[in-house]
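What follows is a short report on a single structure.
The values are calculated or read from the model by the stated rules, or taken from the named source; none is laboratory data. These numbers come from a predicted model, not from an experiment. Here the Cβ positions follow ideal geometry from the backbone for every residue, glycine too, while neighbour counts run over all protein chains shown. Side chains included, ligands, DNA and RNA excluded: accessible areas come from the protein's heavy atoms. Shrake-Rupley method; radii C 1.70, N 1.55, O 1.52, S 1.80 Å.
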Amino acid sequence: MNNIALTFAAFSISVISGFTMAQDVPAEMVIEQDDNAIVIFEKTLVTGSDSMFEITDIVSPTPDIIEYVDGSLVCHTSTYCEILARLPKYGPKQLHRYDLSNIPYSIARIDVMSDSIDIDLSPTLWGFNNFHIAEVITAPSPTLYPRGQYTFARAEGVRIGETDDYLEVKLQFQLQAMTSAQPVEYQTLQVVASGIDQGLVVWDTRLLGDGYAAVEGNKGIASGYPTAELYAFGTSHWNVSSGHYTGIKFFTNGTDQTQPGLDLSEYTKLTLTMNCMNGMVVEAFFGASWDSSQNFLADIQCDSFMHTYEFDISGANAYDIQTALWLNIPVWKNTGITNHSLWMNIDEIVLSK
């Protein structure tokens, strides 16, 4: 609970196989009305006044979806204010699956009869943007968790920044004036959001999704583990051991490559962000021998810099894919490398439609 006393007087991209997201990809609700993504304002009437009030508390009871940034309240008039809020990208709503780079203005629709929130999902809104936030506010209530009718709607959920873990937004709202008949009252600001799903996360160090990673090979000693924001793969004793390959596989359904995979037929693009040791050649495959198909994607020519690679998988037989990505380092394509150790850092693997 916050004690607030404000008085009012009145990377680079390497495209292996080009892909453009279709404009008719449907938007979907991301944060819905029933998710209760709310911020509650406690208003207290100033002693001796019949209209002046203070905002004496701000509560965000669902911080795993939306959290008020303490101390961010700014009011421009007696009732028109703004706050900053953080929306977790890796919380129960998984915002990381959406492009959060541009959040447009648009008005939410309020159904007065059913008292419901509705977002415009028309092509007009979604032709150039992939995410949208709208907000509404309830009528004043004497209870801490008011459930009164929505009285006001704006589209002022504006993106102001983004971190690895949060989307940061500015929310503007208008509180109703108070009267001496009710010395303390509450109003709830509620956020709803919609977006175009950017894909299925196969690997991300902050969210493993449905998949797992496993190192393999018979050349050197291979190891792999999450570290910071990357999955670090390495092979030692490369130059002193026999064998013909080393590598890593990223799975969709557990850690065993022989397990049934997922039906990925609806996906058309695989995006990989990684860097690898300068001079090394890494083969990329979608699917493996146990899957419905094994598809060679490209030879990745490593230069130590982080790159994003986009692969077209639209032609793959993908009804049963356990190995979403296989990064293989074969000896026969790396005959000039005599290093003791090889390395790769995988940042993210995403499948999209």
* Would you call ALA181 open to solvent by 30 Å² or more (accessible area, probe 1.4 Å) and in a loop (DSSP other than H, G, I, E, B)? -> yes
* Structure fact -> For GLU42, the lone unmet condition from (1) in a loop (DSSP other than H, G, I, E, B); (2) at pLDDT 95 or above; (3) acidic (Asp, Glu) is (1)
* Considering only region 61-81, state which residues are open to solvent by less than 30 Å² (accessible area, probe 1.4 Å) and either assigned to a helix (DSSP H, G or I) or at pLDDT 90 or above (or both). => THR62, ILE65, ILE66, TYR68, SER72, LEU73, CYS81
* Asked: Can we say ILE300 is open to solvent by less than 60 Å² (accessible area, probe 1.4 Å), on the phi < 0 side of the Ramachandran plot and β-branched (Val, Ile, Thr)?
  -> yes
* Structure fact -> With the first residue restricted to region 100-111 and required to be open to solvent by less than 70 Å² (accessible area, probe 1.4 Å), and the second required to be small (Gly, Ala, Ser) and modelled with pLDDT under 70, Cβ contacts under 9 Å at 6 or more apart or on different chains are PRO104/ALA155; SER106/ALA155; ALA108/ALA155
* Candidate set: region 82-94, residues that are modelled with pLDDT of 90 or more and either in contact with a Ser or Thr (Cβ under 7 Å, 6 or more places away or on another chain) or within 14 Å of GLY199 (Cα to Cα) (or both); chosen: the one most open to solvent (accessible area, probe 1.4 Å) -> LEU84
* Inside region 303-329, can you point out the residues that are of a type outside the set (Ser, Thr, Tyr), surrounded by fewer than 20 Cβ atoms within 10 Å (Cβ to Cβ) and not in a strand (DSSP E or B)? -> ASP303, PHE305, MET306, GLY315, ASN317, ASP320
* Answer from LEU144, LEU175, LEU125 - the residue that is closer than 30 Å to GLU348 by Cα and either modelled with pLDDT of 80 or more or among the hydrophobic types (A, V, I, L, M, F, W, C) (or both) -> LEU125
* To do: Kindly indicate which of ALA318, ALA324, ALA288 is over 18 Å from VAL215 (Cα atoms) and not hydroxyl-bearing (Ser, Thr, Tyr).
  => ALA318
* To do: Mind listing whichever residues of region 211-251 are open to solvent by 60 Å² or more (accessible area, probe 1.4 Å) and either assigned to a helix (DSSP H, G or I) or touching a Ser or Thr at 6+ places or on another chain (Cβ under 6 Å) (or both)?
  => TYR212, ILE221, PRO226, GLU229, ASN239, VAL240
